[in-house]
Every structure is written in structure tokens, then in C-alpha cells.
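Enquirer: To start, I am sharing the structure in question, which I have written as C-alpha cells.
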Amino acid sequence: MRAKAKLAIALIGFALGTAGLVAWQTAMKMTRIGDPRKPALLWHRMVLALLGIRVHVSGPLSPQRPLLIAANHVSWTDIMVLGSIAPVNFIAKAEVATWPVLGRLFRSQNSVFVEREARHRSGHQTREVAETLKSGDPLVLFAEGTTACGNRLLPFKSTLFGAAAQLSDEAFAVQPAALFYSRLHGMAMGRRHRARYAWIGDEELVPHLLRILESGPVDVEVRFGEPISFAGANRKQVSARSEAAIRELVTGVRRGAKL
């Protein structure tokens, strides 16, 4: 009952806040006054506040552009975590474009929607990723291709790192970013609690949302690593280096949190 009451309050706050921010963003685009990326940044922060998620960032986001951020993936909340730090775009599964509210938000952020199993479209999708990278804002790739349990990394998929082939005439970098859900109610989160917080497989969104609200405030560590240049490398090499860097970053966060 307590979780459902929290959900009701969160949904009211979400609806009112989203309506106001969408109206503000629409007005910005129509009048061309102000930065239309700012409402999306505030939207991510609003959702995190409603969910009780606190974000702690270590290391600077690289100023280099074009920039691809390669991150591990634990939950749908990762989107809000990274989106709250800086204006970014996302590489997302095609079905995300049809989601209510989130789908519209992703489209407004120039996200790239990909069909991971549609190999006949991989060339077109790679070109779309490259064009979005050229637009200026960093592009986030959840390189595992799916969510994991939060305690370990899955092997990275190198296909979409191939966007670099379309940018061979430009300085292009990939920056590893490690996300680690570290604390619950201020106490170190153990492996069991972290796995319970993760969003894995075909789990329904609403039950998972209720579980988050019921669990209480959570701290998430985001640690940015050193950018990796594509110069003289191929997508498989950069994918492997990114994966190794994120494993090292996650290990460092775990030790620092004394987990």
C-alpha cells in the first residue's frame, strides 16, 4: 500500500512536471529563444528526484566532439541518470520510440532508434549514428545491448562502434562511463539488493517501478574514464578497450564504496 501511495504521488508530480516542461520546450522551438535541450535535462532530474535516486559523478565529461559515451546498462533509470548530467542523445532499441512519454522524449533528443537484429539495415543505422554524432551533443551507447544484473558486465557488442568508419576524416573519441548502484538508504548495497534493483529481461515496467519506490533512496555512482581515440583502431578494438576500461572503473567504484 505504501509503494502504491508513493506511486500515485510520483505519477501526479510526473504528469504536472512533464506537461510544464513539454510546453516550455515546444515554446522554445517555436520562438527559437532559449536552449531546447534544457527542459530535457530538467526532466531527467525531476524523475530522479521523484524516484529517490541520487547521482554522484566522478571524472569530467570529455569536451571533445564528436563523442560517443559507451556505458554499461543496469536499468531503465540509467537513461535518467546520464541524461541528468549533461545534454546527451541516446542509441535506443526501435520499440522505445513507441513508448508513451519516454518515446516522445527520446525523439525530441535526436536519439537513434536501432533494430539490433535487422542486419540488412546495419549500414543505414551506422550512418544515422554518425550523423547524430556530428550534430554536437554526445551520443550514449549502452554497449552490452541489454541490461545486466548490476553486479557484472556482459560482453560488449561492437557493431554500432562502426559509426567511426563514417567519421574517419574527423577527430573522434569514445569515452567509457561506468554506472554502479552503490547504496540503499545510505548503506552499502549488496549483490542481492543490486540485482533486485536491476531491470532484466522482459520484466514489466510498473512492477519494477513499484519495487524502486518501495525500496527507498538509492545512490548511483557515475565514473567517466579517459577518452579512447579511434585513430588507427577498428570498432572491435575500441569496443574491447571500452569494456576493459568500464570493468576497471566499476571495480574502483566498488572498492571506494567498500562493498
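The values are calculated or read from the model by the stated rules, or taken from the named source; none is laboratory data. All of these numbers come straight from a predicted model, not from anything done at the bench. We place every Cβ from the backbone using ideal geometry, glycine too, and count neighbours over all the protein chains shown.
Enquirer: Go through Gly186, Gly190, Gly216 for me and flag whichever is touching a residue at least 12 places away in the same chain (Cβ under 8 Å), surrounded by fewer than 14 Cβ atoms within 10 Å (Cβ to Cβ) and in contact with a His (Cβ under 7 Å, 6 or more places away or on another chain).
Expert: Unique residue meeting the criteria: Gly216.
Enquirer: Residues to consider are Arg54, Arg37; find the one that is surrounded by fewer than 23 Cβ atoms within 10 Å (Cβ to Cβ), more than 14 Å from the chain's Cα centre (by Cα) and over 27 Å from Leu210 (Cβ atoms).
Expert: Matching residue, one of Arg54, Arg37: Arg37.
Enquirer: A follow-up question, please. Quick one: Lys6 ticks every box in (1) in a helix (DSSP H, G or I); (2) crowded, with 17+ Cβ neighbours inside 10 Å; (3) within 21 Å of the chain's Cα centre (by Cα) bar one, so which box is it?
Expert: Among (1) in a helix (DSSP H, G or I); (2) crowded, with 17+ Cβ neighbours inside 10 Å; (3) within 21 Å of the chain's Cα centre (by Cα), the lone unmet condition for Lys6 is (3).
Enquirer: Do you know which residues across the stretch 239-259 are modelled with pLDDT under 90 and under 21 Å from the mean Cα position of the chain (by Cα)?
Expert: Across the stretch 239-259, the qualifying residues are Val250, Thr251, Gly252, Val253, Arg254.
Enquirer: Now a separate question. Name every residue in the stretch 20-53 that is in contact with a strand residue (DSSP E or B) (Cβ under 7 Å, 6 or more places away or on another chain) and farther than 30 Å from Lys157 by Cβ, in order of residue number.
Expert: Once the filter is applied, which keeps residues that are in contact with a strand residue (DSSP E or B) (Cβ under 7 Å, 6 or more places away or on another chain) and farther than 30 Å from Lys157 by Cβ, the stretch 20-53 yields only Gly52.
Enquirer: Separate question: Return the residue satisfying two criteria in turn: it lies in the stretch 128-148 and is modelled with pLDDT of 80 or more and small (Gly, Ala, Ser), and of such residues it is farthest from Leu61 (Cα to Cα).
Expert: Only one residue fits best here, namely Gly145.
Enquirer: Taking the condition in contact with a strand residue (DSSP E or B) (Cβ under 8 Å, 6 or more places away or on another chain) and either at pLDDT 85 or above or surrounded by fewer than 20 Cβ atoms within 10 Å (Cβ to Cβ) (or both), does Arg235 pass?
Expert: Here the answer is no, as Arg235 does not meet what is asked.
Enquirer: While we're here: Does Arg152 meet the test of being of a type in the set (D, E, K, R), out of contact with any Phe, Trp or Tyr (no Cβ under 7 Å at 6 or more places or on another chain), loosely packed, with under 15 Cβ neighbours inside 10 Å and at pLDDT 70 or above?
Expert: Yes; evaluated as a whole, the condition is true for this residue.
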